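What follows is a short report on a single structure.
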Amino acid sequence: MNNVKTVLLLGLMSGVLLIGGEALGGRNGLAMGLMLAVGLNFFSYFFSDKLALKMYNAQPVSPTENSEIYKRIGPMTHTLTRRMGLPMPKLWVIPQDAPNAFATGRNPNHASVAVTAGILRLMNDREVEGVIGHELGHVRNRDILISSIAATLAAAITFLARMAFFFGGSRESNDRGNPMAGLFMLILAPIAALLIQMAISRTREYAADATAAKYTGSPDGLISGLKKLETWSKRIPMDASPAHEHMFIVKPFTGSGMLKLFSTHPPTEERIERLSKLRYQQTF
């Protein structure tokens, strides 16, 4: 099913770029949209994870790089991947005080898990294990490629909307674009990007939570971690791109009222309530 979703996302991204390009620039815009779509499809599949890590200045965590952090999270990650039947992912630390984490990559063999410096300072080992278990849940459930492509798609749609705002329709008399294209793209494209992120993200968070509870042996660590994340992510906002917001374990921005309609994550209290009903007694 996730493979089908991936193909649909790539197709949707291509369609948006082609339609938007033609609306803004006529035949020339359509050609540019086609070239951009081909390039973004290739980039999304192979390099979107590297872009996400670079955007947040993520630093490698290994026995030789950030070794003190590795001593803390490396063994627990090894244990969890063995239980889940996964390859060991690359580990990264993001030098931000805001507590958060995400997983990325095109498949389990090319997966990365990144945690912020703030989450490591805030949480005890059991809570960190729950967070890493959640991110590995996304890897095991094959969510990470969809998440990475959605980030690129959202960024592309938002970029197209900004281009529409600044340049509007084509100025060429023989190949004039729709003069209303800029206005429509400005209004509709960001909404489309938000809806794409929301549709992809909300249910997968519940599944990753349940996976973490199962393979850590208890939901309690993640429950405690989510409570801290809910409190501290509001006190220390994360410097993150809206296009990547759905990738994080909790929403890195705060909002109320109508903004909640566009949340990429289910309410934390609902996640905690579902986790509280899970009591796995499995021994690994």
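Computed from the coordinates by the stated procedures, all read-outs in this text should not be read as laboratory data. Values in this document were obtained by computation on a predicted structure and should not be read as measured data. Because the Cβ atoms are built from the backbone with ideal geometry, glycine has one as well, and the counts that use them run over all protein chains shown.
Side notes on the structure shown:
- The stretch between residue 97 and residue 241, if pulled fully straight at 0.36 nm per residue, gains 50.2 nm over its current Cα-Cα span.
- Karplus-derived 3J(HN,Hα) values for region 128-134, using 6.51 cos²θ - 1.76 cosθ + 1.60 with θ = phi - 60°, are 4, 4, x, 5, 5, x, 4 Hz; glycine and proline are entered as x.
- For peptides 226-237, 106-117, 53-64, 206-217, sequence by mean Cβ density within 10 Å, most packed first: 206-217, 106-117, 226-237, 53-64
- In this simple spin-label model, placing a label point 7 Å from the Cα along the Cα-to-Cβ direction at both residue 224 and residue 79 gives a separation of 1.3 nm.
- Note on residue 71: lysines with a C-alpha under 20 Å away, same-chain residues under 8 apart excluded, are 90.
- Stretchable slack from residue 273 to residue 68, in nm (0.36 nm times residue separation minus alpha-carbon distance): 70.4 nm
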